[in-house]
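The values are calculated or read from the model by the stated rules, or taken from the named source; none is laboratory data. Since we're looking at a predicted model, the values are computed, not measured. Cβ atoms come from the backbone with ideal geometry, glycine included; neighbour counts cover every protein chain shown. Protein only, heavy atoms only, side chains kept; ligands, DNA and RNA dropped before computing areas. Shrake-Rupley method; radii C 1.70, N 1.55, O 1.52, S 1.80 Å.
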Amino acid sequence: MAAIPGCSFRRFSARPWFRKFHCNANAASLPASSSSPSTSTESAQSSSFFPKKNQTLELVCESLAFKGKGVCKVADTGFVVMCDRALPGERFIGRVTRKKGSYAEVKKLETITPHWDFVEAPCEHASHCGGCKTQNLSYEAQVRAKEEQVHDLIIHVGRFSNTDPDFPAVMKPIIPCDMQFHYRNKMEFSFATQKWVPGEALPRDKRQGEDGYALGLHAPGFFDKVLHVEKCLLQSEPANRVLAVVQDCWKDPQLCLSPYDVHSHMGFLKHLMIRTGRDMKTSRPELMVNFVTSSYKPDLLKPLVERISAIPEVVSIVNNVNTSIGNTSVGEEEYTLYGRATITEILRGLTFQISANSFFQTNANQAEVLYKLIEECAHLKGDASEIVLDLFCGTGTIGLTLARRVRHVYGYEIVPQAILDARRNADLNGIHNATFIQGDLNKISQNFGNEFPRPDIVISDPNRPGMHLKLIKFLLKLRAPRIIYVSCNPATCARDLDYLCHGVAEQNIEGCYQLRSVQPVDMFPHTPHIECTCFPSSRVEMVANGGAPPRGSAAAAAGMRRRRTASAGSGGVNTMLQFYTDDNTGAKIAPNTVLIMSIGFIAFVAVLHVLDKGAISSDYDVLAKETC
């Protein structure tokens, strides 16, 4: 008997969708829409609830939404506005910059009273750099806000009910990061022909920044404005020493080094990338320095190479040549100017070689915590009999940490260089039961899946847009017993979990998984980014392992439980007959009666689903545009 999607029970009551991060504008105009004779008059009145562009408002930030934007409400109307760098409890003056359907965005002009949990930001650039938006918010408040964001997204986007008695056990408390600074093992700085200075720091007669070259970080939202940075508190101390050496000499006229101009497409130096690893024998830091240039001129870089190589931790200096006019740091060609072509990192007892353009977890210490969680969610039998399918495998780090306890790992990744790194890392660690295949998981064909046996465990670690619907359909058809979903975007993660567990009614796709746990992990303190490890398992496996039947099944909805009772058959052969027993009366009900009741219930739920469909569409569209 087909199970009814669990979301059908969770949408009878009004949903508090935008109480914390988005407001449905229809809520403000609800009285107007409910009275048909005076629709036009009342619509005109409701339009006054919307703030106009360039209007100045006094606002109070109530909470943080995804991406770290502050959520505020206009006084008397409740209309929601979003403000970057506004923090909970802060009262400020803001100017409306644009209206986006059911909410508006404002720019903070002046703080009237500071926010709750205020601390002094240790970095002088914290108010303007795009990297650390919440340095002046206590770390305890940061992780609390992130946990609330994941909680709300799982409810409102994933459509999992917080009134479900199992929900508290599913939503785990966030795991904080022990290192709040110096945790990043990769930083990318950009060269520019002109320093960018924030508007409030400029004299009134100047519209642009100071004269002079810049090496630093891009201003938020701008590809051509670079904030000059002498030191970054997110990277390691040896990496800051490298940055200081470069800053001290690259502008020397005698070196004839020019920054690349993104407008005229002239100049030599584009980016400076610094990666930090650990020596596999001593566990001491080792650094790679990567200069991204518009052409290959090693003689121009030689003075910089000589100074940087004097730092003991530097073991590799490479040059990526990117001749395109784009602003990417990946070059068409790569040259080793000093030392090795790779550095190493140690993770879960394995050694990984990292090249200049390899993907690797940027917080290696917290990655240990994350990967341990993945191992726990995998529930490995320990007899090396299981097949693991590692989707979006990158350089193979997750799959390789499990390989020694399973039968075989099959990894898929679109980036060719990452596949080469994964194979090299497997050889480096003596792992021979891992196969890595290059392919685009957003464009899978009908033949996808023929290259590997049916997996027992699927690990999916997609990038920010989440999984393509084609891949979700494949997973629902595959019906692997366990899926471990590792996400860097809780909004698209909640959407994909909704598809896997509840299905997609518009395309007649039925979900077949039950969400067992959602574990937020803070990988990047002082930033709005959140990592989650989610564990949906097959409903068939849950019942087989003695778990509860899926919520939303016909039997569960009718308040019945199925029991098997043995009755003597002819010839002394026992025949197993299935009955459904009412929990309240204890009466046994035949299967055909349950079938008739289930059909009626499905019809009832379908009507409610259609009636409520319009209510969620506008809310979900707002979130999709904002986060995907």
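Within the range 208-237, restricting attention to residues that are surrounded by fewer than 18 Cβ atoms within 10 Å (Cβ to Cβ) and of a type outside the set (Asp, Glu), which residue is modelled with the lowest pLDDT?
At the first step, the residues of the range 208-237 found to be surrounded by fewer than 18 Cβ atoms within 10 Å (Cβ to Cβ) are 208, 210-212, 220-224, 230-231, 237.
Narrowing the set further to residues that are of a type outside the set (Asp, Glu) leaves 208, 212, 220-223, 231.
On the way: Gln208: 47, Gly212: 84, Pro220: 78, Gly221: 76, Phe222: 81, Phe223: 83, Lys231: 94.
Ranking the candidates gives Gln208 first.
Take the conditions touching a Phe, Trp or Tyr at 6+ places or on another chain (Cβ under 8 Å), open to solvent by 60 Å² or more (accessible area, probe 1.4 Å) and in contact (Cβ under 8 Å) with a residue 24 or more places away in the chain and apply them to Ile154. Does it pass? Lay out the reasoning, then the answer.
Details: touching a Phe, Trp or Tyr at 6+ places or on another chain (Cβ under 8 Å): yes; open to solvent by 60 Å² or more (accessible area, probe 1.4 Å): no; in contact (Cβ under 8 Å) with a residue 24 or more places away in the chain: yes.
No.
Would you be able to tell me the number of residues in the range 373-404 that are part of a helix (DSSP H, G or I) and not acidic (Asp, Glu)? Break it down stepwise before answering.
Taking the range 373-404 first, the residues part of a helix (DSSP H, G or I) are 373-378, 397-403.
From what is left, the residues that are not acidic (Asp, Glu) are 373-374, 377-378, 397-403.
Matching residues across the range 373-404 total 11.
Quick check: anything in the range 110-125 on the phi > 0 side of the Ramachandran plot, open to solvent by less than 20 Å² (accessible area, probe 1.4 Å) and either in a loop (DSSP other than H, G, I, E, B) or out of contact with any helix residue (DSSP H, G or I) (no Cβ under 9 Å at 6 or more places or on another chain) (or both)? Steps first, answer last, please.
Going residue by residue through the range 110-125, those that are on the phi > 0 side of the Ramachandran plot are 117.
Okay, now just the ones that are also open to solvent by less than 20 Å² (accessible area, probe 1.4 Å), so none.
No, the conditions are met nowhere in the range 110-125.
Can you work out which of the residues in the range 59-84 that are charged (D, E, K, R) and either modelled with pLDDT of 85 or more or assigned to a strand (DSSP E or B) (or both) is least open to solvent (accessible area, probe 1.4 Å)? Don't jump to the end; show me each part of the working.
Just the residues of the range 59-84 that are charged (D, E, K, R), to begin with: 62, 67, 69, 73, 76, 84.
Of the ones still in play, those that are also either modelled with pLDDT of 85 or more or assigned to a strand (DSSP E or B) (or both) are 62, 69, 73, 84.
Numbers: Glu62: 87, Lys69: 38, Lys73: 69, Asp84: 56 Å².
Ranking the candidates gives Lys69 first.
Return the only residue of Leu300, Leu347, Leu304 being open to solvent by less than 60 Å² (accessible area, probe 1.4 Å), modelled with pLDDT under 95 and not acidic (Asp, Glu). Before the answer, list the steps.
Details: Leu300 fails: modelled with pLDDT under 95; Leu304 fails: modelled with pLDDT under 95.
Of the residues listed, the single one that is open to solvent by less than 60 Å² (accessible area, probe 1.4 Å), modelled with pLDDT under 95 and not acidic (Asp, Glu) is Leu347.
Hey, among the residues in the range 412-449 that are surrounded by 13 or more Cβ atoms within 10 Å (Cβ to Cβ) and acidic (Asp, Glu), which one's farthest from Thr395 (Cα to Cα)?
Residues of the range 412-449 that are surrounded by 13 or more Cβ atoms within 10 Å (Cβ to Cβ), as a first pass: 412-415, 417-426, 428-429, 431, 433-439, 441-442, 444, 448-449.
Still in the running and acidic (Asp, Glu): 413, 421.
Values: Glu413: 8, Asp421: 5 Å.
Per the stated criteria, the residue is Glu413.
Is it the case that the range 340-360 has a residue that's hydrophobic (A, V, I, L, M, F, W, C), closer than 21 Å to Gly411 by Cβ and under 19 Å from the mean Cα position of the chain (by Cα)? Steps first, please.
First, pick out the residues of the range 340-360 that are hydrophobic (A, V, I, L, M, F, W, C): 341, 343, 346-347, 350, 352, 354, 356, 359-360.
Keeping just the survivors that are closer than 21 Å to Gly411 by Cβ gives 346-347, 350, 352, 354, 359-360.
Among the residues that remain, those that are also under 19 Å from the mean Cα position of the chain (by Cα) are: 359-360.
Yes - at least one qualifying residue is present in the range 340-360.
For the structure I just gave you, tell me whether Val369 is under 20 Å from the mean Cα position of the chain (by Cα) and not in a strand (DSSP E or B).
Values: under 20 Å from the mean Cα position of the chain (by Cα): yes; not in a strand (DSSP E or B): yes.
So Val369 fits the description; yes.
Go through the range 514-534 and count every residue that is under 19 Å from Asn162 (Cβ atoms) and not charged (D, E, K, R). Break it down into steps so the answer makes sense when it comes.
Applying the first criterion (under 19 Å from Asn162 (Cβ atoms)) to the range 514-534 yields 514-520, 530, 532, 534.
Still in the running and not charged (D, E, K, R): 514-515, 517-520, 530, 532, 534.
Count: 9.
Residues of the range 48-58 being of a type in the set (D, E, K, R) and modelled with pLDDT of 90 or more, which ones?
Applying the first criterion (of a type in the set (D, E, K, R)) to the range 48-58 yields 52-53, 58.
Across the range 48-58, the qualifying residue is only Glu58.
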